[in-house]
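Throughout, read-outs are computed from the coordinates displayed, never taken from laboratory work. Computed from a predicted structure; not experimentally measured. Cβ sites come from the backbone with ideal geometry, for glycine too, and all protein chains shown count toward neighbours.
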Amino acid sequence: MFQQPQSIALLIPEIKELLGNREYTLLKQVLKECTPLDFADTWKDFVEEEQLQIFRLLPTTSSLKLFEIL
């Protein structure tokens with residue numbers, strides 16, 4: 001269970017790069033593999049604009065769960 005936050009921590013540079021390059025289709029696939037709890041643990045590592053983009057790209061149920069956690 002402890003390894004989950006580490007796994008998303010390793011993806012942060014890739015997620016930031018995909019956001020910067022506007023590769024939203026590929027990013028949606030990456031985000032589907034992450035749980036809302038993973039994002040809650042690393043949320044502070046994203047700037048506000050990235051957070052907004054992630055909320056928009058997450059599946060609806062995941063974004064709702066993330067909002068509840070935060």
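The label-point distance for residue 32 and residue 55, in a model that sets each label 7 Å from Cα toward Cβ, rounds to 2.4 nm.
In this Cβ point-charge picture (+1 for Lys and Arg, -1 for Asp and Glu), the chain has a dipole of about 200 debye about its Cα centre.
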